[in-house]
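Enquirer: What follows is a structure written as structure tokens; I'll ask about it next.
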Amino acid sequence: MRKIVVGTRQSALALTQTGQVVEHLRKLCEDNGIEAEFELKKIVTKGDRILDVTLSKVGGKGLFVKEIEQALLDGDIDLAVHSMKDMPFELPPGLTVGAVPEREDPRDCLIMRDGYGIDDLPKGAKVGTSSLRRASQLQHYRPDLKIEPVRGNIDSRLRKLETEGFDAILLAGAGLHRIGWSDRISAYLDPELCLPAVGQGALCIECRDNDPFILDLLAKYRHEATTVAVAAERSFLGKLNGGCQVPIGAYAKLTGETGRDGRPQIELTGMVGSPDGAKILKDTQRGTDPEALGLGLAESLLAKGAAELLAAVQE
Ligand SMILES: NCc1[nH]cc(CCC(=O)O)c1CC(=O)O
């Protein structure tokens, strides 16, 4: 009987999604005659400790993953469940992505005090988000809105909708679905209006690259379409050298067509914007090689001036 220690953050969302992953893995073990038992280990990350500062001001990448990766390297845990969009582009030596399971809804959504869509917000309404990507795209569509930062876990952000006088706040639909709060969602934002964060709605199961038992188990959990789509989005992000603290969005999906090389065709849309939404660069490309597609799309936006936009945010 092998004991598998699973590392997780301790927010409501993290515990729920880790619990769901462990249930799937338990079933996979049962179906494949693998004897294993699972144990959860809660780990506090820097991102959990600093809750009162806008993330773009805290700086640094991997705020929600570093301590968990250290626990993997130290052998304190055997695998970790992360939100893909919190993952930095590069993993530390010795660690690898063991599986990307099937993606949840990638869209952002509005939780509104009144109304059922963005066009119901009154002129000058106060909207809460600390994401420069969400702010940029929302302001581009509705320059009249007043965007103000709101941080904290999903539960505390929802509370702030009431206590801090917001007309609406923006959250990822996936998180709300996972914790069973879909009924709080007033409207989904179409990716045409608001491109999600790279990897949004997907999970990343990370493990040591020299642990064949865990690698074999996780290989059975991999979802091909999600893996390929997220690889394209992350390749785009990697080329632009962005974390989740810059106004970059991307969304990839399979078109259902097959390329000349026999591989599934991917359609990738990416954006880079100014935080005030005055300028948004956006493009869509198709291809079958996720890395090449991400790089190509990034190069197209760089040729249109993406580097200048990003430099203005990062200085
Ligand atoms: N930035 C924090 C974060 N990281 C992952 C999710 C949940 C959605 C997901 O798994 O993509 C959230 C909350 C949010 O953005 O509303």
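Read-outs: derived from the displayed coordinates by stated rules, not from any lab. Quick caveat: nothing in here was measured; it's all calculated off a predicted structure. We place every Cβ from the backbone using ideal geometry, glycine too, and count neighbours over all the protein chains shown.
Enquirer: Using a 10 angstrom cutoff on alpha carbons, build the Gaussian network for the chain and name the most mobile of ASP190, ASP209, ASP119.
Expert: ASP119
Enquirer: Quick one: order LEU79, LEU301 by neighbouring beta-carbon count within 10 Å, fewest to most. Intermediate values should be presented prior to the final figure.
Expert: Working: LEU79 26, LEU301 22.
Starting with the residue having the fewest Cβ neighbours, the order is LEU301, LEU79.
Enquirer: Continuing with this model, one more query. To check my understanding: the extent here is largest minus smallest coordinate of the Cα atoms along each principal axis. What are those three numbers for segment 210-276, in Å, largest first?
Expert: Sorted from largest, the Cα extents of segment 210-276 read 47, 34, 16 Å.
Enquirer: Run down the aspartates and glutamates and flag those whose C-alpha is under 12 Å from the C-alpha of LYS46, throwing out any fewer than 8 positions away in its chain.
Expert: GLU67
Enquirer: Mind listing the long-range amide H neighbours of ASP78? Cut-off is under 5 Å, sequence gap 5 or more, other chains count too, H placed in the peptide plane at 1.01 Å from N.
Expert: Residues meeting the amide H criterion: VAL5, VAL6, GLY7.
Enquirer: Within 10 Å, count the other beta carbons around each residue, average over each peptide in 269-275, 290-296, and list them highest first. Kindly include the intermediate steps, with their values, before the conclusion.
Expert: Numbers: 269-275: 23.7, 290-296: 19.9.
Top to bottom by mean Cβ count within 10 Å: 269-275, 290-296.
Enquirer: Along each of the three principal axes of the Cα atoms of segment 120-177, give the extent in whole Å, ordering the values from largest to smallest.
Expert: So the three principal-axis extents are 28, 22, 19 Å.
Enquirer: In deg cm²/dmol, rounded to 500, what helix-only [θ] at 222 nm does the chain give when every DSSP H run of at least 4 residues adds -39500 (n - 2.57) and the total is split over its residues? Could you put the intermediate results ahead of the total?
Expert: Working: 11 runs with 110 residues, N = 315.
About -10000 deg cm²/dmol.
Enquirer: Continuing with this model, one more query. What is the Cα convex hull volume of the chain when expressed per residue in Å³? All intermediate terms of the calculation are to be shown ahead of the outcome.
Expert: Details: hull volume 42.3 nm³, N = 315.
Enclosed volume per residue, from the Cα hull, is 134 Å³.
Enquirer: I've got another one for you. Which order results if GLU102, GLU162 are arranged by neighbouring Cβ count within 10 Å, fewest first? Don't skip to the answer; put the middle values down first.
Expert: Values: GLU102 15, GLU162 9.
Sorted ascending by nearby Cβ count, the order is GLU162, GLU102.
Enquirer: What fraction, in whole percent, of alpha-carbon pairs in segment 56-137 exceed 15 Å separation? Let's see the in-between values first.
Expert: Numbers: 2329 of 3321 pairs.
Across segment 56-137, Cα pairs with separations above 15 Å total 70 percent.
Enquirer: Further question: Could you calculate, for segment 9-161, the ratio of the Cα radius of gyration to the Kirkwood radius, expressed as Rg to Rh? It would help to have the intermediate numbers written out before the result.
Expert: Working: Rg = 18.7 Å, Rh = 18.1 Å.
Using only Cα positions, Rg/Rh for segment 9-161 is 1.03.
Enquirer: A further question follows. With an 8 Å cut-off on Cα pairs and a minimum separation of 6 or more residues, tell me the relative contact order of segment 172-315 in percent. Walk me through the numbers before you get to the answer.
Expert: Details: 210 pairs, mean separation 30.5, N = 144.
Reported as a whole number, the value is 21 percent.
Enquirer: I've got another one for you. Which of LEU203, LEU15, LEU195 moves the most in a Gaussian network model of the chain with Cα springs under 10 Å?
Expert: Greatest mean-square fluctuation among the candidates belongs to LEU15.
Enquirer: Which residue fluctuates most in the GNM of the chain (Cα springs below 10 Å): LYS253, LYS123, LYS160?
Expert: Checking each option, the largest mean-square fluctuation is seen for LYS123.
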